[in-house]
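Scroll down for the structure; my scribbles are underneath it.
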Amino acid sequence: MSHPGAPLRLGEEVTLEIADLAFGGRGVARVSGFVVFVKGALPGESVRVRVGRVRAGYAEGDCLEVLRPSPDRIVAPCRHYGECGGCDLQHLSPPAQAEAKRLQVVAILRRVGGLDEPPVQDALQAGEPTMYRFRMDFDWGVGPGGRPALGLHRSGHPDEITPIERCLLMPDLANEVRVFVGRRAQALRLQAWDAKRRRGLLRRVGIRMARSTGEILVILETGRGDPPALLQLARDLPRSFPRIVGVVRREFDRHDRPSGESILQGRDHLFEQVEGDRLKVPAWAFFQPNAAAAGALRAAVLEALVPGAGEAILELYCGVGLFTLPVARAARQAVAVDMSREAVSVARDNAASAGLSNTRFLCRDVVDALPGLLRESPWDAVLLDPPRTGLAPAATEAIGNADIQRVVYVSCDPATLARDLRLMLRHGRMVLRSVRPLDLFPQTHHVECVARLERRRG
Ligand SMILES: C[S@@+](CC[C@H](N)C(=O)[O-])C[C@H]1O[C@@H](n2cnc3c(N)ncnc32)[C@H](O)[C@@H]1O
């Protein structure tokens, strides 16, 4: 079968030269201007490919054989690589991953942001390339042979679960906890969730592990019901792993809506240390997934923001105050906003423990709070770190038009960053000075960026 106008047929085997790496980790080849995405192929490689899908504007293929490998190709360190959908760049050396991400940020800022020469700096490699994750979530579901399994989603088949023995992105102890939960749940006959039949109790296990303090928090996401075996599982966890400081539960109803939270054992938070700051992190609030590199991220934020001693800084999407504390130390005042009650309450505690009295935290939706905040005070700078979805258009407009000298935008998705920068810059009041990519998520295509905008002079 072929698509009209496409130079390739479904199932055809061809030799292709890979020119680029697409965002998402696939190699990009062009056949008479027609784009082919090749899973597992790297720029500079010549590969044998079977065409697996042909669409109106592009095709997708699987790499059958690498005929001429890239000098940056390495043997993927994880035995689940390729099968598990969690990582997509393990076959590329870590320094080359960082450079590939820099190039992708440049390309996205050009294509989506409409910027001809985006001022993108070198990508910073922060922390270790493996065992770096502060948190991982594993799903229960149907694994090979229809058996219940606890693991990550299968690459290309998100409705199936790949059982994971050892995930290289998390520390060994956290892996041991996950394996224990899987085995103990089976022994206690706790039923795993079957999404197709919509049956079963256990849906997801989250493991949070603080690198500096060693504390571990286990989060069990379940359906409704209180079988004694669930309490038994929660009791068994800290007995077997004394570093577990809490086991908490979030329940979901039949329509997959969160319907309650409870502490099954110990406490609902742990402590993580970032540089000199001891931060309380609750189970239900966001924290940087690569906690070991959080110091490097804070340094990049401060380098872009340069908070002055007499300045008032507005921080949007502050979480538990990771950036607020160093900003408040350097500035006259920091006002920080987040809509998560848990995050704001803990951010207040974190600021108090750090001995700071020049911070104010507001538990509000940024979109609602922003107009009033921008009227309230002449802010010297605004720092923002929204979720992956980026800013709401109203917030982007308001910031782009406001009388602010500097805006620092921290983003974990270059596509929404580029979209928002385009909107912020379109009135011509601001100019983009720098974008620093940070490779906080090695082995995956994800990248963090810190962008600095300045008010145009004159
Ligand atoms: C990427 S996290 C950043 C947190 C913090 N800067 C950090 O590094 O730990 C995004 C934060 O935005 C908050 N958030 C999401 N949507 C929001 C909204 N509409 N208004 C206010 N806060 C929001 C979340 O609760 C989360 O804490």
Quick count over the range 278-299, residues being within 12 Å of the ligand (Cβ to nearest atom) and either part of a loop (DSSP other than H, G, I, E, B) or surrounded by 24 or more Cβ atoms within 10 Å (Cβ to Cβ) (or both), is 13
So, first residue farther than 17 Å from Thr15 by Cβ in the range 66-80, second residue of a type in the set (Ser, Thr, Tyr) and at pLDDT 95 or above, Cβ within less than 6 Å, six or more apart or across chains; the pairs are Asp72/Ser93; Ile74/Ser93
Scanning the range 387-406 for residues that are near the ligand (Cβ under 10 Å from one of its atoms) and surrounded by fewer than 21 Cβ atoms within 10 Å (Cβ to Cβ) gives Pro387, Arg388, Thr389, Ala392
Counting only residues in the range 15-61 that are under 27 Å from the mean Cα position of the chain (by Cα) and among the acidic types (Asp, Glu), the one nearest to Arg102 (Cα to Cα) is identified as Asp20
**Request:** Would you check if there is a residue in the range 330-349 being surrounded by 22 or more Cβ atoms within 10 Å (Cβ to Cβ), assigned to a loop (DSSP other than H, G, I, E, B), more than 21 Å from the chain's Cα centre (by Cα) and not hydrophobic (A, V, I, L, M, F, W, C)?
**Result:** no
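Going by the conditions given, is Leu316 away from the ligand (no atom under 11 Å from the Cβ) and more than 16 Å from Gln273 (Cβ to Cβ)?
Numbers: away from the ligand (no atom under 11 Å from the Cβ): no; more than 16 Å from Gln273 (Cβ to Cβ): yes.
For Leu316, the condition - away from the ligand (no atom under 11 Å from the Cβ) and more than 16 Å from Gln273 (Cβ to Cβ) - is not met.
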Okay, strands (runs of 3 or more DSSP E) sitting entirely in the range 169-276 with 2 or more residues that are more than 22 Å from Arg147 (Cβ to Cβ), among the polar types (S, T, N, Q) and not assigned by TED's automatic domain parsing to the domain that holds Val346, I get 258-266
Does Val54 satisfy the criteria of being surrounded by 20 or more Cβ atoms within 10 Å (Cβ to Cβ), in contact (Cβ under 8 Å) with a residue 12 or more places away in the chain and not assigned by TED's automatic domain parsing to the domain that holds Leu169?
yes
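Yes/no matrix, rows are residues, columns are (1) surrounded by fewer than 17 Cβ atoms within 10 Å (Cβ to Cβ); (2) modelled with pLDDT under 95; (3) not charged (D, E, K, R):
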residue: Glu117; (1), (2), (3): yes, no, no
residue: Gly127; (1), (2), (3): no, yes, yes
residue: Gly145; (1), (2), (3): yes, yes, yes
residue: Leu150; (1), (2), (3): no, yes, yes
residue: His153; (1), (2), (3): no, yes, yes
residue: Pro158; (1), (2), (3): yes, yes, yes
By residue number, the members of the range 230-277 that are surrounded by fewer than 14 Cβ atoms within 10 Å (Cβ to Cβ) and among the hydrophobic types (A, V, I, L, M, F, W, C) are none
Of the candidates Leu423, Leu362, Leu383, the one satisfying the condition of being within 25 Å of the chain's Cα centre (by Cα) and more than 14 Å from the ligand (Cβ to nearest atom) is Leu423
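The values are calculated or read from the model by the stated rules, or taken from the named source; none is laboratory data. All values reported here derive from a predicted model rather than from experimental measurement. Cβ sites come from the backbone with ideal geometry, for glycine too, and all protein chains shown count toward neighbours.
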